[in-house]
1. For segment 189-273, state which trypsin sites (Lys or Arg not before Pro) are in a DSSP loop and have at most 11 other beta carbons lying within 10 Å of their beta carbon.
2. Report the one residue of V35, G279, L9 whose Cα lies farthest in the direction of the positive end of the charge dipole of the chain (charges on C-beta: Lys and Arg +1, Asp and Glu -1; origin at the Cα centre).
3. Return the FRET efficiency for the residue pair Q273, Q218: r is the Cβ-Cβ distance, R0 is 22 Å, and the value is rounded to the nearest 0.05.
4. Suppose every Lys and Arg Cβ carries +1 and every Asp and Glu Cβ carries -1, with no other charges. What dipole size does segment 49-131 come out with about its Cα centre, to the nearest 20 debye?
5. With +1 on each Lys and Arg Cβ and -1 on each Asp and Glu Cβ, how big is the dipole of the chain about its Cα centre, in debye rounded to the nearest 20?
6. To the nearest 10 degrees, how steep is helix 56-68 against the longest Cα principal axis of the chain, on a 0 to 90 scale?
7. Based on the alpha-carbon gyration tensor of segment 84-126 and its eigenvalue square roots a ≥ b ≥ c, which shape applies: rounded if a/c is under 1.5, prolate if not and a/b is larger than b/c, or oblate?
8. If you count, for each residue, the other Cβ atoms within 10 Å and average over each peptide, how do 293-302, 38-47 line up from highest to lowest?
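The values are calculated or read from the model by the stated rules, or taken from the named source; none is laboratory data. Bear in mind that the values here come from a model prediction, so they are computed numbers and not experimental data. FYI the Cβ positions are ideal-geometry reconstructions off the backbone, even for glycines, and counts take in every protein chain you see. Ligands, DNA and RNA are stripped out before the accessible areas are found, and what is left, the full protein with its side chains, is counted by its heavy atoms. Shrake-Rupley method; radii C 1.70, N 1.55, O 1.52, S 1.80 Å.
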Amino acid sequence: MLAEMIERLLDRHLDDKGQAKARSGEWLPALWAEVEGMGLPLALLSEAQGGFGLDAADQGEALRLLGRHAMPLPVAETMGANRLFATAGLALAEGAAGLARADHLTAQQGKLTGTVARIAWGEQLDCLALAVGDTLYRVPRSGWSIAEQGTALNFHPRPTLALDWAIDGEAALPHCPLAEGATLRAYQIAGALEAALSMTLDHTATRVQFGKALQKFQVVQHELAKLAGELACATAAADLAGEALVRGDPLGVAAGSLRAREAAGNGAAIATQMHGAIGFTREHRLHLYTTSLYTWRDEFGGQVMWAKLLGQAALDAGEAGYWPMVTQL
């Protein structure tokens, strides 16, 4: 039921015109108002916390839908930030929210100062779920200014924020915002790959070369099978990361996130190759997904941070402990 409602909402708003506005840096207020009216920012919360009380499968489907429609607004980030706030006992976001970790910030004399780089739609956010060490801060919009404008590979705003905030909302950190964000991105990657595969199947079925559809060529069939395989891996990896986040297992988040990020790069490359030159252009919707896949692959720790975490755990486990570590993920 919720998935159908989300699907209809995104179909109404995210046509080519709506996506073009977002990619020029324009906020979509009508879409955000309907997102809030549906209660989607609270979808990951239990009923006791004021949310929907969805099971893991329904949560994952809602997040995949955001990827399947290349959602340009920070809906997933707000959902994750609210989960952190609710778990920590802090006030929920009253609008859009961001997720970040910035251990280099200075907390002295009751103030938090410093810069936080590349926050999605930073100028439009109501608050920021920010981790510094073992503390979670709920930083309101009045607590920062824009230090530097920036954009992601998918052309959405990613400014650097300059914080100068008198601390009035903090709690013990329930789990790292990077783990939260990495899990959200894994689900979005799976959704975007699903859309990319669908478009690639349609294109290769209708595009004719040498008198027959591209899908009739064996080499194309092999590439389509590889793309479908990357989608299957990303979907399973997102579920792995989601389950690990719930049980507080950063290694599980690392493993799931890494495999989803690998699928993002591989899948985007295959889909673009199968579309040929048209796949690179703004005239074709494929670029909404490929640029989002590359963007999401590199956010919330990127591949390097999670690979180092997993690699160090493997080294620490040693020869005897390596296989048990792997099977417990």
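1. Hits after loop and neighbour filter: R247.
2. Result: G279, furthest along the dipole toward the positive end.
3. According to the calculation, E is roughly 0.90.
4. 220
5. Dipole about the Cα centre, nearest 20: 980 debye.
6. Tilt relative to the chain: about 60 degrees.
7. Since a/c reaches 1.5 but b/c is at least a/b, the shape of segment 84-126 is classed as oblate.
8. 293-302, 38-47
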